[in-house]
1. If you scan the range 58-79, which residues turn out to be within 16 Å of the ligand (Cβ to nearest atom) and assigned to a loop (DSSP other than H, G, I, E, B)?
2. Among the residues of the range 318-336, what is the count of those that are of a type outside the set (G, A, S) and either modelled with pLDDT under 95 or over 25 Å from the mean Cα position of the chain (by Cα) (or both)?
3. Which of the following residues is within 16 Å of the ligand (Cβ to nearest atom), among the hydrophobic types (A, V, I, L, M, F, W, C), assigned by TED's automatic domain parsing to the domain that holds L246 and touching a residue at least 60 places away in the same chain (Cβ under 8 Å): F55, F91?
4. If R181 satisfies every condition in (1) within 22 Å of K266 (Cβ to Cβ); (2) crowded, with 19+ Cβ neighbours inside 10 Å but one, which is the exception?
5. May I ask you to verify whether V289 is away from the ligand (no atom under 16 Å from the Cβ), under 28 Å from L157 (Cβ atoms) and of a type outside the set (D, E, K, R)?
6. Looking at the range 312-340, I want the residues that are under 14 Å from S300 (Cβ atoms) and have a partner that is assigned to a helix (DSSP H, G or I) and of a type outside the set (S, T, Y) with Cβ atoms under 6 Å, at least 6 apart or on another chain. Which pairs are those?
7. Going by the structure shown, is Q174 farther than 24 Å from R29 by Cβ and buried (at least 21 other Cβ atoms within 10 Å of the Cβ)?
8. Which of the residues that make up the range 259-301 are surrounded by 16 or more Cβ atoms within 10 Å (Cβ to Cβ) and aliphatic (A, V, I, L, M)?
Amino acid sequence: MTRQPEKRQIAFLDLPAQQARLGGSIQKRVDAVMAHCRFVLGPEVQELEQRLAAFGGAKHAIGVASGTDALLMVLMGEEIGPGDAVFLPAFTYTATAEVVLLLGGTPVFVDVDPQTFQISLASLKDRLEAVREAGDLEPRAVIGVDLFGQPAPWDELKSWATAEGLTLIADCAQSFGASYRGRRLGHEAKATTLSFFPSKPLGGYGDGGAILTDDDDLAALYHSLRTHGEGRTRYEVERIGINGRLDTLQAAVLLAKLDVFEGELKRRDAIAASYDAEMPAGIVPPARVPDSESAWAIYSVLLPDAAKRDALQSFLKDAGIPTAVYYPKPLHYQPAYAPHHDGASLPVAEGLGARVLALPIHPELTDEDVRHIIEALNRWAGEQA
Ligand SMILES: *Cc1c(COP(=O)(O)O)cnc(C)c1O
């Protein structure tokens, strides 16, 4: 029997390595919760909320149970319901759109920019026009998504939404920590939603999320909505709400993670810069949104077609390098959304699913891991030439 040389296996998300690096400080925070036992809305939730607000440059942060609940409560606050149109990109995670339908509203899918994959202003204008012409929905809101960690065109979205009388909402699930024209993301819209799902840049150890806002009345409304619509006293029910609170234990984990978050963002950015610098011809690195810094939730390259993408994916797999496809289908092609789509073609979003491929990008990657990935990409490209 011949001995196989030791094979490097890289993780797409390496929570055991994260534990080895941060486990001690996280455990201390968790132990404090176990000692005081205030598992629901304990002091760590408020401490985290203050730090998130400061970090994102917003006046208020409200800790909630997930990024999806954050979006749901923001739309509940806007009283989105039957007959309302909410514009959002077709190329995003399902959560951005599902909350609209949960409330009886209609998601109106918008195409994305062919370079940055962010929501397209030109398509947004077309889609609003189409909704107005059809006349059966009332245009109410637009949800901008910072896809993959890079900012949506917030300044342009803001002036457009204001001019058109639409409410602007920011889905920052992938981008907390990113900046845009010198500003940290967190206060570009009336309300900003965050997710702390373990794979997001600021990831917890379970589900969690937050809503950021500068508006005092809205902050009070979200506090009420996350606790069953409670009024001034516990058993006064002022409105219909949900059980949408962030657990104290998640807040404790996130407080420890927030201590090292800036350093992790720098590490992600350094890895992205290494990939960019040594990306072989034939594999297109992610186009950068000008004058911005990404939080690098996802580093997704673009291949010329599906056959090449699939070939690269299986080549990398054999080299011990896991990859992922975000997202294989635009939302309006998904069975759950197709019946709600007006049939408009959104050609950029429709073409991307076959060509994108996300490489590992997380702070636990070593320099050797990054080198191994870059060498594999170049080996594959060399074989294609
Ligand atoms: C992850 C994600 C969400 C949902 O967040 P959860 O915490 O998983 O509910 C919403 N929008 C986008 C763009 C996401 O990536």
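1. Those that are within 16 Å of the ligand (Cβ to nearest atom) and assigned to a loop (DSSP other than H, G, I, E, B): A65, S66.
2. So the count comes out to 1.
3. Numbers: F55 fails: within 16 Å of the ligand (Cβ to nearest atom).
Step by step, each of F55, F91 is checked, and only F91 is within 16 Å of the ligand (Cβ to nearest atom), among the hydrophobic types (A, V, I, L, M, F, W, C), assigned by TED's automatic domain parsing to the domain that holds L246 and touching a residue at least 60 places away in the same chain (Cβ under 8 Å).
4. (2)
5. Values: away from the ligand (no atom under 16 Å from the Cβ): no; under 28 Å from L157 (Cβ atoms): yes; of a type outside the set (D, E, K, R): yes.
The answer is no for V289.
6. Filtered contacts from the range 312-340: L312/W380; L316/A376; T323/Q313; T323/L316.
7. Spelling it out, Q174 is indeed farther than 24 Å from R29 by Cβ and buried (at least 21 other Cβ atoms within 10 Å of the Cβ).
8. Matches in the range 259-301: L265, I271, A272, M279, I283, V289, A295, A297, I298, V301.
The values are calculated or read from the model by the stated rules, or taken from the named source; none is laboratory data. These numbers come from a predicted model, not from an experiment. No Cβ is skipped: glycine too gets one built from the backbone with ideal geometry, and neighbour counts run over all protein chains shown.
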